[in-house]
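So the structure is just underneath, and the comments pick up after that.
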Amino acid sequence: MSALLEDGASARLLDVGGLEAPEPMVRILEALDRLSDDERLRVLIDREPVPLYRILLRNGYQYRTTPQDDQRYEVMIWLGPIA
């Protein structure tokens with residue numbers, strides 16, 4: 001599922017809630033492999049994915065994590081500018 005964001009970029013939704021480790025990480029990384037340069041990945045997850053952050057930064061991604069009212073986290077991931 002894709003949604004159009006305010007800045008015109010589209011975001012794919014990936015809900016990995018309820019999955020046991022390492023399945024959320026596997027699914028997130030697989031989704032990132034299919035993401036185009038102008039898309040974002042919106043992940044809904046039951047716990048903050050701290051181990052994911054280093055992988056994202058090492059591979060040129062940026063992210064924003066927002067705790068949700070339902071005790072889940074939304075992580076928006078996009079490809080950062082090439083340095």
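The values are calculated or read from the model by the stated rules, or taken from the named source; none is laboratory data. Small disclaimer: the values here were computed from a predicted structure and weren't measured. With ideal geometry, Cβ positions are generated from the backbone for all residues, glycine too; neighbour counts draw on all protein chains shown.
For every residue, the table says whether it meets (1) charged (D, E, K, R); (2) surrounded by 15 or more Cβ atoms within 10 Å (Cβ to Cβ); (3) on the phi > 0 side of the Ramachandran plot.
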| residue | (1), (2), (3) |
| --- | --- |
| LEU14 | no, yes, no |
| PRO22 | no, no, no |
| ILE28 | no, yes, no |
| ASP33 | yes, no, no |
| GLU39 | yes, yes, no |
| ILE45 | no, yes, no |
| TYR63 | no, yes, no |
| THR66 | no, no, no |
Discussion item. Within segment 12-25, take every residue that is in a helix (DSSP H, G or I) and of a type outside the set (A, V, I, L, M) and give me the one that is farthest from PRO51 (Cα to Cα).
Written reply: GLU23
Worksheet item: Any idea how many residues of segment 18-57 are of a type in the set (Gly, Ala, Ser) and modelled with pLDDT under 95?
Response: 2
Worksheet, complete the sentence: Note on segment 68-79: residues farther than 17 Å from PRO24 by Cα and surrounded by 13 or more Cβ atoms within 10 Å (Cβ to Cβ) are TRP78, LEU79
